[in-house]
1. Subtracting the Cα-Cα distance from 0.36 nm times the residue separation, let me have the gained length for D256 to A275 in nm, one decimal.
2. With the crude spin-label approximation of a point 7 Å out along Cα→Cβ, what separation in nm comes out for C135 versus E232?
3. Given Cα pairs under 8 Å that are at least 6 residues apart, what percent is the relative contact order of the range 197-296?
4. Once the dipole of the range 3-120 is set up with Lys and Arg at +1 and Asp and Glu at -1 on Cβ about the Cα centre, which of L88, W50, S99 lies farthest towards its positive end?
5. Can you spot the aspartates and glutamates whose alpha carbon is less than 12 Å from K193's alpha carbon? Ignore those fewer than 8 places along the same chain.
6. Hey, what number do you get for the chain at 222 nm if only DSSP H runs of n ≥ 4 count, each worth -39500 (n - 2.57), divided across all residues, to the nearest 500?
7. If exposed trypsin sites (Lys or Arg not before Pro) are those in a DSSP loop with at most 12 other Cβ within 10 Å, what is the longest stretch of the chain that has none?
8. How large is ³J(HN,Hα) for each residue in the range 238-252, as worked out from phi by the Karplus curve 6.51 cos²θ - 1.76 cosθ + 1.60 (θ = phi - 60°), to whole Hz, x for Gly and Pro?
Amino acid sequence: MGLSESLLLKIGSLRTDTSKVTGRPRRHQPLTLLWALGRAAQAEPRLEAWARTSAEISLLIEKFGHADDRPNPEFPVLRLFHHGLWELDASDVPAASTSSAQRWMNSHAPTGGLRPWVHTIVSRHPDVRAQIVLCLLEKYFQDVDPDELLTAVGLVGTPEAEVPLNDGSPAPQRRQSATMRVIRDSALAQQIKDVHGHHCQICGVRLCLPNGSYAEGAHIRPIGQPHNGPDEPGNILCLCPNDHVLFDRGALTLTDDLRVFDEVLGKVKGDLRLAPQHTISIRHIAYHRETTRQAAQPSH
Ligand SMILES: [Zn+2]
C-alpha cells in the first residue's frame, strides 16, 4: 500500500467524540487538519509555535464548530499526535483523555505540525490534498458553507477574487464552488503537466517513477490569501520538485520575456520552456517577481 493510501485511511479513521447538541462528530480534529492543509497549500513552514497554532485553531473551532464545541485546540492536536499524523516537539506526550492534558500542552507549549511524511504528500500532491479536503467536508461539514471554511483555512482564495459571480446566482451553486475549485485545482495542474509531458519548464528534467512520470503544478501568483492568485492555466507552471521549491521561495523568478532569472546569482539562467497550448500570464509573472524582491529587501 502506498503512503497516500495510508494517509487517506488514517484520515478516514479519526476517532472523534460526538456533539451532544447535534449528535454529529465533533470537528476539532478535522478543523486542525484543514488548518494544516491550508498551510501546506500555501508553502508555509510545516512546524509552528504552540501559541500561534492554538490561537488559530481556537478561532476555527469557535467559528465552524458545533454549538457545544469548546475552543480547546489541545485535544485535537494530542489526538492527531497519537493517531500518527502530528508531530510534537516534546517527550512523554500525555493521552488526550486525561484531565491534565490541557495543562500539559500549555505549560510545555510544544512546536508542532504534520509529520514529515504527511506533509510531503499534502504539499506535493494537490490531488491527494483535494481528496482529503473533500473527504473531511463530506463527513464533518455538510451544513457548513465550504466557501467560507476553505477560505478561512487558506485552501482557496476569496470567492470574489477568483470567480466572478454572476449576480443572483442561487446559493446551492455557490455552495459547490469552493469544493469544485479544489477539484479543478488538481485537474488543471494535471492538464498543464500533460501539455509539457511532465518536463520541468525550468530545467527540462522529467522524473520517472515506477508508475509513470512525475511533475508538480506550481502557481505563479499563489492562490489563497493574501495573494489571491487565480486558478487558471496562465497562472500555473509545470515544474520539478526542486525548481518548484526554488520558485516558491523566491530563488528563481521569471522575466517578462519568459527567461528564468536566478535571484541568488543575480543573472539569467536560461529560457523558460514553453508549449504553444499553454500561455503564461505576464501579469502574474511580474507579481511573483515583485513580491519576491520586496520580501528579499533587508529590513531595518
Ligand atoms: Zn526543474
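Values in this text are rule-based calculations from the coordinates and carry no lab data. What you see is a predicted model, and the numbers here were worked out from it, not measured in a lab. Cβ: placed from backbone, ideal geometry, glycine included. Neighbour counts: every protein chain shown.
1. Length difference between fully extended and current span is 5.2 nm.
2. For C135 paired with E232, the spin-label model returns 3.3 nm.
3. 26 percent
4. Farthest towards the positive end: S99.
5. E216
6. After summing the helix terms and dividing by the residues of the chain, the value is -14000 deg cm²/dmol.
7. 21-248
8. Running phi through 6.51 cos²θ - 1.76 cosθ + 1.60 with θ = phi - 60° gives 9, 10, 6, x, 5, 5, 4, 5, 4, 6, 4, 8, x, 7, 10 Hz.
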